[in-house]
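Heads up, the thing below is written out as structure tokens.
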């Protein structure tokens, strides 16, 4: 299974960064290039443990829906969202936060599996891993900018 790990240093308090990372509204702002909208479950505000959100977005020219659930939560240290239903065979996105001096280190660990066996693994290798990395990097850039704007 492909695994993407990203580290983002943010000049803002850990609690602020944690809350921005779980903000449905900021998530939609960070994925506006895909037209992503929350259409069911928690559709605005801060998502909490046990809550689900269903997203609708256009990827690779196709409108898709994906439902994820917050399966682990320890504010302000980490939370995990996992796919319940969607185009992936599975995914697990762990968000870790730690204090370093007056900064926050945000670490994403995104592990996913595509359907279709060998064809899915080939698609991961050729396209999907880079595509998902770019999406996560853009999302982290928006979180960083929002957190540092009024820090």
Using Cα springs under 10 Å in a Gaussian network model of the chain, which residue among 49, 136, 122 shows the largest mean-square fluctuation? 122
Please order 1, 28 by the number of other Cβ within 10 Å, starting at the fewest. 1, 28
What do the square roots of 5 times the Cα gyration tensor eigenvalues come to for the stretch 39-145, in whole Å, largest first, as semi-axes of the equivalent ellipsoid? 25, 18, 13
How would you rank 24, 10, going from fewest to most other Cβ atoms within 10 Å of each one's own Cβ? 24, 10
Note: probe point = Cα of residue 130 + 7 Å toward Cβ; backbone nitrogen < 18 Å; residues of the stretch 1-43 passing the test are 2-5
Could you check which residue among 108, 25, 81 shows the biggest mean-square fluctuation in a GNM of the chain with a 10 Å Cα cutoff? 25
Kindly express, to the nearest 10 degrees and within the range 0 to 90, the angle between helix 129-149's C-alpha long axis and the longest C-alpha principal axis of the chain. 20
Nearest-0.05 FRET efficiency for residue 121 and residue 98, computed from C-beta distance (R0 25 Å): 0.15
Work out, step by step, the length gained on full extension between residue 145 and residue 89: first 0.36 nm times the residue separation, then minus their alpha carbon distance; give nm to one decimal. 16.9 nm
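Read the figures in this text as sums done on the coordinates, not as results from a lab. Here the structure is a predicted model, which means the values were calculated and not measured. Positions of Cβ are backbone-derived with ideal geometry, glycine not excepted, and every protein chain shown enters the neighbour counts.
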